[in-house]
Structures are given as structure tokens and as C-alpha cells.
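The values are calculated or read from the model by the stated rules, or taken from the named source; none is laboratory data. Everything quoted here is computed from the prediction, not taken from an experiment. Because the Cβ atoms are built from the backbone with ideal geometry, glycine has one as well, and the counts that use them run over all protein chains shown.
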């Protein structure tokens, strides 16, 4: 199972079989509130592991025109294009997150990190660091508890995330989200991390 989740075909099947419990059908309130306080509309923003890409749609509809969707599931991208045909094609990055190159002011994600088992998250943290410009920020909403099944998603803890990111980032926020949807109340952690310079 662990290696299978690194294949696009696995995620294509999740969409085709309706196994998308992580997808709430709209931009999550913690991410929406974070976006709403951003004032610089020129920011280069990457949303990796975007899935249904509700965050991408919300950003673009709110004039963040330098927003990029990244996912390696053909099915998720097909569905996004169908839902949002006006989104610019050159802002859809159909590729593996770990192979992507670029420089961004912000990386925004919801539960993407928790699609990886904990032993594979160090590579994720390194890639986020690599893709951010100096002083760039990572904003993420992730599960903050263990699951009674073998994921994905996989659980996590604040202690784990602090350990994971403390080397390359200044932790500006890392708290239980107060505005999660009701079924996830008290079980999500919202974080904003700033890339250290040098």
C-alpha cells in the first residue's frame, strides 16, 4: 500500500470509485480565512496535491491570477477542467510534486502532507523549502490525530510537524483550527511557516 499511494493510478481510482472523504466540496474555512487576509494579489501561489482544487478556484476568483494547480492525478485534473473551463491551461501543472521546479511566494495546501506516511514527510518538507522563495510562506491545514485504519490519510501530531519543519522554517502559526467544519472540529491543525533565509 505505501508504494501504491505514490502512483497517479491509485489516486485516479479513488476519484473514480468515489473514495474522496477528504474532499468537503468547497474551500475549507481555515484556508479561506487565510486567503482573505492576503492583500498582495501579485503573489505567485502553488497549491500542490490540489485534488478537486477548491482552494485554487477560490484564489483565482479573488484575483490571485498567479495561482498554480499541481497534481499528478489525471482524473482530478479532468474534473477540475470540467468544473472550471476558464482556468488558464498553463497554470495547471500535471506532474509529480517531488519533480516540480519553480519558485513561489506562497504554498497553500489542505491535507496533502497527510496523504504521505510519516516516514516520507521529511522529503515533503525539503521540497516545500526548495520551492519557496526566500521569506516565502507555507500555509497548510492538516489532520492532528491518528486514524483507526491504515491510511491514506495518515494521522499526525503537532510535535511531529514542529520537528519536521523547525530546521528550515520559522513557525508563525501552528494551532488547532478554531474554524474547522463541524465533523473535524478540534482535529485539524492550521500552520503558517516562513522559510528561513540563508
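Only residues that are at pLDDT below 85 and loosely packed, with under 14 Cβ neighbours inside 10 Å: list them for region 148-165, please.
Hits for region 148-165 are 148, 149, 150.
Considering region 3-33 alone, what residues qualify as being surrounded by 13 or more Cβ atoms within 10 Å (Cβ to Cβ), assigned to a helix (DSSP H, G or I) and in contact with a helix residue (DSSP H, G or I) (Cβ under 6 Å, 6 or more places away or on another chain)?
10, 12, 15, 31
From the set of residues in region 87-114 that are in contact (Cβ under 8 Å) with a residue 24 or more places away in the chain, farther than 20 Å from residue 57 by Cβ and part of a helix (DSSP H, G or I), which is farthest from the chain's Cα centre (by Cα)?
98
From the list 92, 113, 107, which one is touching a strand residue (DSSP E or B) at 6+ places or on another chain (Cβ under 7 Å), at pLDDT 95 or above and within 23 Å of residue 188 (Cα to Cα)?
Step by step, each of 92, 113, 107 is checked, and only 107 is touching a strand residue (DSSP E or B) at 6+ places or on another chain (Cβ under 7 Å), at pLDDT 95 or above and within 23 Å of residue 188 (Cα to Cα).
Considering only region 119-146, how many residues are more than 22 Å from residue 24 (Cα to Cα) and buried (at least 16 other Cβ atoms within 10 Å of the Cβ)?
Adding up the residues that qualify gives 10.
Out of region 36-55, which residues are in contact with a helix residue (DSSP H, G or I) (Cβ under 8 Å, 6 or more places away or on another chain) and under 18 Å from residue 136 (Cα atoms)?
Matches in region 36-55: 45, 46, 47, 48.
Would you mind stating whether residue 168 is surrounded by 13 or more Cβ atoms within 10 Å (Cβ to Cβ), at pLDDT below 90 and touching a helix residue (DSSP H, G or I) at 6+ places or on another chain (Cβ under 7 Å)?
So residue 168 does not fit the description; no.
For region 130-143, check the following and say yes or no: at least one residue is in a loop (DSSP other than H, G, I, E, B) and modelled with pLDDT under 90.
No, that holds for no residue.
What tally of residues in region 71-86 results from selecting those that are touching a helix residue (DSSP H, G or I) at 6+ places or on another chain (Cβ under 6 Å) and over 16 Å from residue 9 (Cα atoms)?
Qualifying residue count, region 71-86: 1.
Working only within region 34-80, note down all residues that are assigned to a helix (DSSP H, G or I), in contact with a strand residue (DSSP E or B) (Cβ under 9 Å, 6 or more places away or on another chain) and either surrounded by fewer than 15 Cβ atoms within 10 Å (Cβ to Cβ) or on the phi > 0 side of the Ramachandran plot (or both).
74
Answer with yes or no whether residue 165 is under 16 Å from the mean Cα position of the chain (by Cα) and under 21 Å from residue 55 (Cα atoms).
Considered against the rule, which asks whether it is under 16 Å from the mean Cα position of the chain (by Cα) and under 21 Å from residue 55 (Cα atoms), residue 165 comes out as no.
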